[in-house]
Amino acid sequence: MAPTLDDPTPPLHPSPGFRSDTNTLPLPNDEAHRLPPPYNASASETPHQPSNKRGFINRPRVIVTLLILFSLVLIVATSLGVIYLLLSPKYPKLAISNVFVTHPLAKHPRIFISLKAKNPNNRVGVGYEKGGRAALSFKKKSVATGPFPTFAQGDKSSSAVQMVLRASNKTMPHEIRNSILNTTSKLPLSLGLTMNVPVRMKIWTTKIWIEELVFDCKFRVNTLANSSRILYQRCPIKVAPK
């Protein structure tokens, strides 16, 4: 209600030193809404960003954990290296004991080669893993091929093993065929036997290394018939190129 001329109540005016930060809309009392000041409005419109304090707290813990794991790996590797140097493990040795052929007139004769495997190491075990291959050759040409047996050896031990190689009568050289079939006179032959074998060496239950070794044997046999005998052999060892 507007004031009349006779109303003794003076109109309300803000004091000169007072400044209001609130804007009031001329709405009914029951629908009046106060608008926030400009600086409060911008703050309310800005999305809340989560604090990164938790990330900063966890980061040092992650770094410490990684340092501890790295230290443990370094200690284990150093210990194994010291043990390896102290024990000085050597490569195992293979020697050919006997060679004989069965079913020489068959389409695919089988050549049996007996080997003696020796582990010269003390406190170091040797394992011949799967995937080994062997090839018998004559005058640098392959005669028979087959898998190398898998087995394990303890320290300072020897094992007798046997390989079975498969040949082909179509590609078999006549010198080998004559040595097999001639039972009256012995015909010596110089042969080659190459064996590619994955070899694992371990100390107790800890694996030191696994490498593919190549046993490149050159040998001479008095005959490939019954009662054969090895006249000469030499089996150098090398690590297969990766």
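The values are calculated or read from the model by the stated rules, or taken from the named source; none is laboratory data. Just so we're clear, the structure is a prediction, and the values are computed from it rather than from any experiment. Neighbour counts are summed over all protein chains in view; Cβ atoms, including those assigned to glycine, are modelled from backbone coordinates with ideal geometry. These accessible areas exclude ligands, DNA and RNA; they are computed on the full protein's heavy atoms, side chains included. Shrake-Rupley method; radii C 1.70, N 1.55, O 1.52, S 1.80 Å.
In the set (1) more than 27 Å from the chain's Cα centre (by Cα); (2) part of a loop (DSSP other than H, G, I, E, B); (3) of a type outside the set (A, V, I, L, M, F, W, C), SER114 fails one condition alone, (2). The listed residues are LEU213, LEU224, and the only one of them that is surrounded by 13 or more Cβ atoms within 10 Å (Cβ to Cβ), touching a residue at least 12 places away in the same chain (Cβ under 8 Å), among the hydrophobic types (A, V, I, L, M, F, W, C) and in a loop (DSSP other than H, G, I, E, B) turns out to be LEU224.
Note on the range 119-163: residues that are aromatic (Phe, Trp, Tyr) and assigned to a loop (DSSP other than H, G, I, E, B) total 1. Does LEU231 fit the bill of being open to solvent by 50 Å² or more (accessible area, probe 1.4 Å), in contact with an Asp or Glu (Cβ under 8 Å, 6 or more places away or on another chain) and under 14 Å from VAL99 (Cβ atoms)? In short, no. Taking the range 101-140 as the range and being under 15 Å from ALA160 (Cβ atoms) and among the aromatic types (Phe, Trp, Tyr) as the test, the residues that pass are PHE112, TYR128. Considering the range 75-93, the residues that are touching a Lys or Arg at 6+ places or on another chain (Cβ under 7 Å) and at pLDDT 75 or above include one that is most open to solvent (accessible area, probe 1.4 Å), namely LYS93.
The criterion of being under 15 Å from SER97 (Cα atoms), part of a strand (DSSP E or B), open to solvent by 70 Å² or more (accessible area, probe 1.4 Å) and not aromatic (Phe, Trp, Tyr) does not hold for LYS238.
Residues checked against (1) of a type in the set (Ser, Thr, Tyr); (2) farther than 23 Å from ALA225 by Cβ; (3) open to solvent by 30 Å² or more (accessible area, probe 1.4 Å):
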| position | (1), (2), (3) |
| --- | --- |
| GLY146 | no, no, no |
| THR150 | yes, yes, yes |
| GLN153 | no, yes, no |
| ARG166 | no, no, yes |
| ASN182 | no, no, yes |
| LYS186 | no, no, yes |
